Amino acid sequence: MHASDIEGDLTEVLVTESEIHAKLAELARRIEADYEGRDLLLVGVLKGAVMVMADLARELRPHLNMDWMAVSSYGTGTQSSGVVKILKDLDTDLTGRDVLIVEDIIDSGLTLSWLLENLRSRGAASVEVCALLRKPDAAKVEVDVRYLGFDIPNQFVVGYGLDYAERYRNLRDVAILAPHVYS
Ligand code: XMP
Ligand code: MG
């Protein structure tokens, strides 16, 4: 497969790889300052957050732990169902832990608000959110995001971990998916 095969499926690059890396470095400095002297547990939401987790975690200098959850709210389409199911739970006991959820994107906010409530009910000392992308115009519920990368328009985006039907996760940039691909 050639690069041009993928590029024809995209209408516009929204956030480049280097913009992402610069932003994650900036967020990492804030996180280090905010959590100084505490043991941080990063909880990545599979599969979309894999790239954010990998790059953010390597920007952070102190010791930390990483764990993963898989939830489903979307299937293979482009619309949130609002129904969240745990496909893979954490291995870590959250009692007394400082938890930072690492997400790729907040769309309606339904997945994250459900996740926040779920993790907070497990006795964590704190639960905060770091999300690379947010679509403010798509919000159905307000989610308090402590660390945010970029606000983007309400369009379906792929790349840097984000997929459409499990493709495009390997794109280095975040780009708008051309409507002809899914319509
Ligand atoms: P909600 O609507 O619950 O959705 O905030 C969050 C989850 O939906 C997926 N999502 C996207 N995936 N391009 C994607 O590849 C998008 O534009 C997009 N919008 C939402 C994503 O898995 C996220 O965790
Ligand atoms: Mg997805």
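Considered as a group, the residues in the range 157-176 that are of a type outside the set (D, E) and either surrounded by fewer than 16 Cβ atoms within 10 Å (Cβ to Cβ) or at pLDDT below 95 (or both) include one that is farthest from ligand 1 (Cβ to nearest atom), and that residue is R172.
Of the residues in the range 142-150, at least one is among the β-branched types (V, I, T), farther than 24 Å from E59 by Cα and assigned to a loop (DSSP other than H, G, I, E, B). Does the range 120-131 contain at least one residue that is buried (at least 18 other Cβ atoms within 10 Å of the Cβ), within 16 Å of ligand 1 (Cβ to nearest atom), over 24 Å from A54 (Cβ atoms) and among the small types (G, A, S)? The answer is no, given that none of the residues of the range 120-131 is buried (at least 18 other Cβ atoms within 10 Å of the Cβ), within 16 Å of ligand 1 (Cβ to nearest atom), over 24 Å from A54 (Cβ atoms) and among the small types (G, A, S). If the requirement is being over 30 Å from A33 (Cβ atoms), polar (S, T, N, Q) and either in contact with a Leu (Cβ under 8 Å, 6 or more places away or on another chain) or away from ligand 2 (no atom under 16 Å from the Cβ) (or both), which of these qualifies: S183, S113, S126? Criteria check complete, one pass: S183.
Results for (1) modelled with pLDDT of 95 or more; (2) under 27 Å from P179 (Cα atoms); (3) of a type in the set (F, W, Y); (4) in contact with a Leu (Cβ under 9 Å, 6 or more places away or on another chain), shown as yes or no for each residue.
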position	(1), (2), (3), (4)
T76	no, yes, no, no
G82	no, yes, no, yes
K85	no, no, no, no
L94	yes, no, no, yes
V99	yes, no, no, yes
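When the range 94-131 is filtered for residues that are free of Cβ contacts under 8 Å to residues at least 40 places away in the same chain, of a type in the set (D, E, K, R) and within 26 Å of V158 (Cβ to Cβ), only D107 remains.
The values are calculated or read from the model by the stated rules, or taken from the named source; none is laboratory data. Everything quoted here is computed from the prediction, not taken from an experiment. Note: ideal-geometry Cβ built from the backbone for every residue, glycine included; neighbour counts use all protein chains shown.
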